[in-house]
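Colleague: Following this message is one structure expressed as structure tokens.
The values are calculated or read from the model by the stated rules, or taken from the named source; none is laboratory data. Predicted, not measured: the structure shown is a model, and the values here were computed from it. Counting neighbours? That spans all protein chains shown, and the Cβs are built from the backbone with ideal geometry, glycine included.
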Amino acid sequence: MKKRPTAPDSPEVPEHQLQRRGRRLEYATTGWNSLEAIVAIATGIAASSLALVAFGLDSCVEVFASIVVLWHLGGATEEADPGRARRALRLIAAAFALLGVYLLVQAIRGVVTHSKPESSTLGTVFMAATVVVMFTLAWGKRRTGRALRNRPLMANASMTFIDGCLATGILVALLLDRVAGWWWADPLAAAVVGLVALNEARENWSE
């Protein structure tokens, strides 16, 4: 069985096992992000929380990105078909660009209208769980992507890591609003999500 060079900290693993691991990680990410989108958007609308709705929309983009990576993993390797990887990265970039623009517009609207979110215990608890899940999945995908030398998988690992960072930021914003009454932390968190999304769009497109 032909084996692909792996990351320095990883044992040598057959390519088909790495491919299978990558698909499993993407399936897990897709499943969690689908649940994440439903819970975040539903609780965000109920609590009038722009940050939660923004995170739910970000989860929709993550689902799309995972589907793109699964499509890429199911075809030729990047060495055999570099154009396939380029198309995958640009599809992900386009989705992030649309998300970033939408979130920045909604964040500005939230500040102008002085929209104050209500408390959401379910949203707060789910954000805490998401932090753990996203960082764990990001670690697994980055390690597998490096072993396969698969750029779309590594790009998706970065997106999943950012998802964990954003979940951490929104969790802090929700707690600040609940404890200190800082209503502006909610649209600020949404704006941060938007800026990060635009930066991801730029980087993935340039890849």
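Colleague: If you check Val179 against the conditions, is it in contact (Cβ under 8 Å) with a residue 60 or more places away in the chain and either part of a helix (DSSP H, G or I) or surrounded by fewer than 17 Cβ atoms within 10 Å (Cβ to Cβ) (or both)?
Modeller: no
Colleague: Here's another thing I want to ask about it. Can you give me the number of residues within region 186-197 that are more than 13 Å from the chain's Cα centre (by Cα) and either under 14 Å from Leu99 (Cα atoms) or surrounded by 20 or more Cβ atoms within 10 Å (Cβ to Cβ) (or both)?
Modeller: 7
Colleague: Determine whether region 85-107 contains at least one residue that is among the β-branched types (Val, Ile, Thr) and modelled with pLDDT of 85 or more.
Modeller: Yes, the conditions are met somewhere in region 85-107.
Colleague: May I pose another question? Among the listed residues Ala47, Ala42, identify the single one that is at pLDDT 85 or above and either under 30 Å from Pro187 (Cβ atoms) or surrounded by fewer than 16 Cβ atoms within 10 Å (Cβ to Cβ) (or both).
Modeller: Just a single option satisfies the conditions, and that option is Ala42.
Colleague: For region 154-176, give me each residue that is surrounded by 24 or more Cβ atoms within 10 Å (Cβ to Cβ) and of a type outside the set (A, V, I, L, M).
Modeller: Once the filter is applied, which keeps residues that are surrounded by 24 or more Cβ atoms within 10 Å (Cβ to Cβ) and of a type outside the set (A, V, I, L, M), region 154-176 yields Asn156, Thr160, Asp163.
Colleague: Name the single residue that is surrounded by the most Cβ atoms within 10 Å (Cβ to Cβ) among those in region 135-145 being touching a residue at least 40 places away in the same chain (Cβ under 8 Å) and not polar (S, T, N, Q).
Modeller: Within region 135-145, the match that is surrounded by the most Cβ atoms within 10 Å (Cβ to Cβ) is Lys141.
Colleague: Exactly one condition in (1) touching a Lys or Arg at 6+ places or on another chain (Cβ under 7 Å); (2) modelled with pLDDT of 80 or more is false for Ala76; which is it?
Modeller: (2)
Colleague: Looking at this structure, is Ala201 surrounded by 19 or more Cβ atoms within 10 Å (Cβ to Cβ), of a type in the set (A, V, I, L, M), under 17 Å from Ala28 (Cα atoms) and at pLDDT 80 or above? Walk me through how you get there before you give the answer.
Modeller: Values: surrounded by 19 or more Cβ atoms within 10 Å (Cβ to Cβ): yes; of a type in the set (A, V, I, L, M): yes; under 17 Å from Ala28 (Cα atoms): no; at pLDDT 80 or above: yes.
Judged against the criteria, Ala201 is not a match.
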